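J.: Can you read through this structure? Questions will come right after.
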Amino acid sequence: MSTKINTFKRTVQSLQIRGQQTKKASTPKAKFKALWMYLLLVVFLIISVFPFYWMFVGATNDSSKMFTNPPTLSFGSEFMTNLTNLNESIGIARVMFNSIFVSVLYVVIALAVCTSAAYVLAKFEFKGRKFIFTAFLLSMMIPYQATLIPLFRMMSDLNLLNTYFAIIAPQLCFPFAIFLMRQNFLAFPSELLESARLDGASEFRIFMSVVVPSMKPALAATSIFLFMTQWNNFMWPLVVLNENSMYTFPVALSSLMGLSYIDYGQVMMGVTLATVPIIVFFLALQRHFISGMLGSALK
Amino acid sequence: MKKLFGMIIFVAFVLVLGACSSDSSGEGDSGESDSGKEELTAWAWNINVPVLEMAAEKFEEENPDFKLNVVEMGTSDVYSKLTTGLQAGGKGLPDIVLVEDDRFQGYINTFPDAFANLSEMGFDEQKSKFPDYKTELLTKDGAMYGFPFDGGPTGVFYRRDIFNEAGVTPEDIKTWDDFIEAGKTIKDKTGKDMIGLDLNGDDGLYRMMLTQQGTFYFDDEGEVNLASDESKKAMEITKELKDAGIVKNTVGWDPWISAMTEGDVATAPSGAWLYGSITQQGKDTSGKWGVFKLPAFEEGGNRASNLGGSNYVIMSASDQKEKAYDFMEYFSTTNEVQVEAMEGGLFPSLNTVYDNEIFKQEVEFFDNQKIWEMFAGEMENIPAVNYTGDYAVAKDEAVKAQSKIVNGTPIEEALENAVKTLKNRTQ
């Protein structure tokens, strides 16, 4: 979703530039071209927004309404019923708390871990630096299914099953986040570090007061990635959690899937509720997000 | 400054760890025998959860030190967690797990020590209370490893309104050939299709027809059995249905259900549990439904089959097996509990319960037909079939073969190919 919005934004930006140009040379031909561009954009807009619209429609309708022919496309009156039923099934407040707590905690710790690692890999010369960095990147190629059972054994031996810690621990060092941050650190002028050192600042102080404050866009972009990863994480929490009261959103929603009957009103309501925090988080950070992505790309 | 940062990070860390452990303590899995804590844990999915909880409450009245914690999860999630736990050597597993019929033998073959031997604990005495097809399914090397629970006796659910409009009487449909003829009449008179099938995605009908003839994907020796005569016959009927132009291709579960509730197709052969789905999704179609037994392959042939159903197992890794056994024996052999299951939409396989009035009542939704009596009468005639081998892979190949057959590949060729690929994939 985020990438979709991202590309969409970029297209809009380029279109705005284009629009200014056409204003200058407002020939009929250019106008015609712009019209096509807008039409195309409207089509893309509908394609990307419709699933969300359908989700809201589903959340306000009875389950059986979703499969009529022709499909129901208007909002129904079952909003409260679905909300109450869903609350009875999974306990919305508890699940929402679990998801937010786990995701935020994860973002905070993982960001600290990955940023420090990336900084060292970008700005310090030492033996084996390249090797370590390559190893991080290669580890992205290991499918998570391969690590599932060993990790599960480990958590079980450490008696950590069914804890929040077990959910976040295995992914605290997130290779893609390290990669993204490293690319951004590379762009940071080493001369600044030198002069800070000459002024007698400690390495930790340089990192916290000189480097990190100028990295806000990159940090925002990385946070969104980490947040999304944890928010949508399904298989691992499913495997390590053994209590309904510990369930996060994806796991709780999956528990609604029965054999012969699924109440899609409840499911859509759940999905709607699960989407809201991501949208909020994204909107809060999106200004930084795009510049953070571009920052690493332009380097 | 440096010290301050150090302090902050330290405090944050302590808080984090504190938050983690305070939430986990006291909620750990029951396998850990904390002193005094004797709670049992069970994994089950949606409509099974209230039945289990109600039974646990009743059981608790007479056994005050008993306590059951039911963890609700999606059907496929149960298998993900069960497989992970077993592969990790029996870690993080509950005491009691619900497992479907067609999954049970796969587990017991891959993990022979996973489930507790119930015969050793005395379950053989209760064997006669269940249909043979269930007890045979749950037996390995002469010992039982599961408590039979619900079953899926099959029937053809049909729309009375469509049948009446076309002037077709369900009593006349005795064989699959009759079924196809009736389908043609309905198509002519009403323009509606006889049956909804997911021809390229599911093989439910094929599986029902295999069970009806007493065979399945694999034979008793565990050899691939897709090219058997029974399998060919089943595929032939499927192809004839398609060629007669009376099949609506419904992709996925929900379109299939809604094709029925919307009145776009006339019949749906399925397990008794379909009752729950159509009564909930087709609330305004009450009285328009009926059920008749699956048509036979030849006049007078077997019309009983099974689709779906599940069983409870006790995990060997549990350290409270005796307790779990006492409860599950109570659960599976007490009429009161099974009637409750029935009311919750699960058709019990315990045969002592069929005398209960609930099985004799007229069902309004089905125009006062005594549908439960029909299903209950079927149970003893359901052939026992073999579910060994890799069910998921075999199903995949069967669906592919079916898809090829309805698209014109000769039956023989498609099935022989399926056998070959399946052998390769399961070696």
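J.: Which ones in the stretch A:251-299 are outside any helix (DSSP H, G or I) and either of a type in the set (Gly, Ala, Ser) or modelled with pLDDT of 90 or more (or both)?
T.: A:255, A:258, A:260
J.: Quick one: count up the residues across the stretch A:133-162 that are more than 30 Å from residue B:87 (Cα to Cα) and surrounded by 13 or more Cβ atoms within 10 Å (Cβ to Cβ).
T.: Counting residues in the stretch A:133-162 that are more than 30 Å from residue B:87 (Cα to Cα) and surrounded by 13 or more Cβ atoms within 10 Å (Cβ to Cβ) gives 1.
J.: Exactly one condition in (1) surrounded by 17 or more Cβ atoms within 10 Å (Cβ to Cβ); (2) away from every other protein chain (no Cβ under 14 Å); (3) more than 18 Å from the chain's Cα centre (by Cα); (4) part of a helix (DSSP H, G or I) is false for residue B:290; which is it?
T.: (4)
J.: Can you tell me which of B:82, B:93, B:98 is assigned to a loop (DSSP other than H, G, I, E, B) and not aromatic (Phe, Trp, Tyr)?
T.: None of the others qualify; the one that does is B:93.
J.: Please enumerate the residues belonging to the stretch B:293-310 that are away from chain A (no Cβ under 14 Å) and aliphatic (A, V, I, L, M).
T.: B:294, B:296, B:304
J.: Just one of (1) part of a helix (DSSP H, G or I); (2) surrounded by fewer than 18 Cβ atoms within 10 Å (Cβ to Cβ); (3) among the hydroxyl-bearing types (Ser, Thr, Tyr) trips up residue A:64, so point out which.
T.: Failed condition: (2).
J.: Please go through (1) within 30 Å of residue B:117 (Cβ to Cβ); (2) of a type outside the set (A, V, I, L, M); (3) assigned to a helix (DSSP H, G or I) for residue B:310 and return the number of the only condition it doesn't satisfy.
T.: (3)
J.: Does residue A:75 meet the test of being more than 14 Å from chain B (Cβ to nearest Cβ), of a type in the set (A, V, I, L, M, F, W, C), under 29 Å from the mean Cα position of the chain (by Cα) and outside any helix (DSSP H, G or I)?
T.: yes
J.: Given the residues B:329, B:378, which is the only one that is in a helix (DSSP H, G or I), outside the structural domain of residue B:303 (by TED's automatic domain parsing) and not aromatic (Phe, Trp, Tyr)?
T.: Among B:329, B:378, only B:329 is in a helix (DSSP H, G or I), outside the structural domain of residue B:303 (by TED's automatic domain parsing) and not aromatic (Phe, Trp, Tyr).
J.: Does the stretch B:66-94 hold any residues that are modelled with pLDDT of 90 or more and more than 28 Å from residue A:249 (Cα to Cα), and which are they?
T.: The one that is modelled with pLDDT of 90 or more and more than 28 Å from residue A:249 (Cα to Cα): B:66.
J.: Based on what the data block shows, is residue A:214 assigned by TED's automatic domain parsing to the domain that holds residue A:268, over 20 Å from the mean Cα position of the chain (by Cα) and modelled with pLDDT of 90 or more?
T.: No; evaluated as a whole, the condition is false for this residue.
J.: Continuing with the same structure: Residue A:208 is checked against (1) surrounded by fewer than 17 Cβ atoms within 10 Å (Cβ to Cβ); (2) over 22 Å from residue A:110 (Cβ atoms) and fails just one. What number does that condition carry?
T.: Only one criterion is unmet by residue A:208, namely (2).
J.: Another question, if that's okay. So residue B:413 clears everything in (1) surrounded by fewer than 23 Cβ atoms within 10 Å (Cβ to Cβ); (2) assigned to a helix (DSSP H, G or I); (3) at pLDDT 90 or above; (4) in contact with a Ser or Thr (Cβ under 8 Å, 6 or more places away or on another chain) except one condition, right? Which one?
T.: Every condition holds for residue B:413 apart from (4).
J.: If you don't mind, another one. Please state which one of B:396, B:390 is free of Cβ contacts under 8 Å to residues at least 12 places away in the same chain and within 20 Å of the chain's Cα centre (by Cα).
T.: B:396
J.: Considering each residue of the stretch A:163-188, count those that are under 25 Å from residue B:87 (Cβ atoms) and small (Gly, Ala, Ser), and give that number.
T.: So the count comes out to 2.
J.: Please list, ordered by residue number, the helices (runs of 4 or more DSSP H) wholly in the stretch A:104-184 having 2 or more residues that are within 11 Å of chain B (Cβ to nearest Cβ), within 17 Å of the chain's Cα centre (by Cα) and under 18 Å from residue A:234 (Cβ atoms).
T.: Filter on the stretch A:104-184 gives A:164-168.
J.: In the stretch A:132-168, which residues are within 17 Å of residue A:247 (Cα to Cα) and touching a Pro at 6+ places or on another chain (Cβ under 7 Å)?
T.: Correct list: A:167 only.
J.: Let me ask another. Any idea how many residues of the stretch A:185-237 are assigned to a helix (DSSP H, G or I) and in contact (Cβ under 8 Å) with a residue 12 or more places away in the chain?
T.: The total comes to 33.
J.: Check off (1) buried (at least 21 other Cβ atoms within 10 Å of the Cβ); (2) assigned to a helix (DSSP H, G or I); (3) more than 10 Å from every other protein chain (Cβ to nearest Cβ); (4) touching a Phe, Trp or Tyr at 6+ places or on another chain (Cβ under 7 Å) for residue B:266 and give me the number that stays unchecked.
T.: With (1) buried (at least 21 other Cβ atoms within 10 Å of the Cβ); (2) assigned to a helix (DSSP H, G or I); (3) more than 10 Å from every other protein chain (Cβ to nearest Cβ); (4) touching a Phe, Trp or Tyr at 6+ places or on another chain (Cβ under 7 Å) applied to residue B:266, the lone miss is (2).
The values are calculated or read from the model by the stated rules, or taken from the named source; none is laboratory data. Note that the structure is a prediction, hence the values are computed from the model and not measured. Positions of Cβ are backbone-derived with ideal geometry, glycine not excepted, and every protein chain shown enters the neighbour counts.
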